[in-house]
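Written out below as structure tokens is the structure these notes cover.
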Amino acid sequence: MDDAPSVLVLGIGNLLWADEGFGVRAVEEFHRNYEVPASVRVMDGGTQGIYLVQHIREADLLVVFDAVDYGLPPATIKLVEGDEVPAFLGVKKISLHQTGFQEVLAMAQMMGDYPSHLLLVGVQPVELDDYGGSLRPAVKARIAPAIVLAVEWLARHGVTIKKRAAPLAEGETLASPEMRIGVYEGGRPRPDEACRFGDERLLADAGFVGSSDFEGEIDALLLAPAGGRR
């Protein structure tokens, strides 16, 4: 129908940091299991930040899947709607992509093209500090119920999403060949072959002492007269 609202179902996050990839994996599963009408676009937004602004501007309804620090028990799903979404991402950000997405929403609003309805489907992460790691089982188990909540929300706004007769094969999903979840999880090196947190040759140097007031030092540098800096 010509008067059907334009819908964007968006997953954001970073697959390289364990549960930070929840949003991307959720939107992949959404696409794998559900057929959508022509007015609905399903998109892996990754960490693209400002490059998503045009897509946001074109949407009447926006659904965002993401990992969010709600301060709740791990793997808890929480829905946030409307004007609370950008403010919530700003206060509770867990990574740089969330700050970038908050700015994207602000830019769309300043340009006069902001979604009429906005839903954030977030999950409380279990683990983030695991470079190269995949979703923890508890978070992965929340993908299906998170998608159902999004489908129900869209239905309440007049958008019908139908389940596929059979899920798409992994090779037909939104994921790139290298980042398909089966390939990604199956190809991960053992811990003794690949560092998980950082290079111990750099991190274990006992001669390095971190700042006791890092924020204070940064503020001092920013406020110092240009000629007084060294």
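The values are calculated or read from the model by the stated rules, or taken from the named source; none is laboratory data. Everything quoted here is computed from the prediction, not taken from an experiment. Positions of Cβ are backbone-derived with ideal geometry, glycine not excepted, and every protein chain shown enters the neighbour counts.
Against the condition without any contact (Cβ under 8 Å) to a residue 40 or more places away in the chain and β-branched (V, I, T), how does V85 come out, does it pass? Taking the combined requirement at face value, the residue satisfies it.
Just for region 126-148: of the residues that are among the hydrophobic types (A, V, I, L, M, F, W, C) and more than 20 Å from F30 (Cβ to Cβ), which one is surrounded by the most Cβ atoms within 10 Å (Cβ to Cβ)? Full working, then the answer.
Narrowing region 126-148 to residues among the hydrophobic types (A, V, I, L, M, F, W, C): 126, 128, 135, 138-139, 141, 143-144, 146-148.
From what is left, the residues that are more than 20 Å from F30 (Cβ to Cβ) are 126, 128.
Values: V126: 20, L128: 18.
If we take residues in region 126-148 being among the hydrophobic types (A, V, I, L, M, F, W, C) and more than 20 Å from F30 (Cβ to Cβ), then V126 is surrounded by the most Cβ atoms within 10 Å (Cβ to Cβ).
Here is a check on your reading of the model: is V40 within 21 Å of E81 (Cβ to Cβ) and in contact with a helix residue (DSSP H, G or I) (Cβ under 6 Å, 6 or more places away or on another chain)? In short, no. Take the conditions under 25 Å from G133 (Cβ atoms) and over 19 Å from the mean Cα position of the chain (by Cα) and apply them to N33. Does it pass? When the stated conditions are applied, N33 passes them. Within region 149-176, if we keep just the residues that are loosely packed, with under 14 Cβ neighbours inside 10 Å and among the polar types (S, T, N, Q), the residue that is nearest to V27 (Cα to Cα) turns out to be S176.
So, T160, is that one within 30 Å of L62 (Cα to Cα) and either out of contact with any helix residue (DSSP H, G or I) (no Cβ under 9 Å at 6 or more places or on another chain) or at pLDDT below 90 (or both) or not? Judged against the criteria, T160 is not a match.
Across region 53-77, what is the number of residues that are hydrophobic (A, V, I, L, M, F, W, C), closer than 17 Å to F22 by Cα and in contact with a helix residue (DSSP H, G or I) (Cβ under 8 Å, 6 or more places away or on another chain)? Walk me through it before giving the result.
First, pick out the residues of region 53-77 that are hydrophobic (A, V, I, L, M, F, W, C): 53, 56, 59, 61-65, 67-68, 72, 75, 77.
Pick out the ones that are also closer than 17 Å to F22 by Cα and you get 63-65, 67-68, 72, 75, 77.
Subset that is in contact with a helix residue (DSSP H, G or I) (Cβ under 8 Å, 6 or more places away or on another chain): 63-65, 67-68, 75, 77.
The total comes to 7.
Taken over region 104-152, the criterion of being part of a strand (DSSP E or B) and within 14 Å of V9 (Cβ to Cβ) is satisfied by H117, L118, L119, L120, V121.
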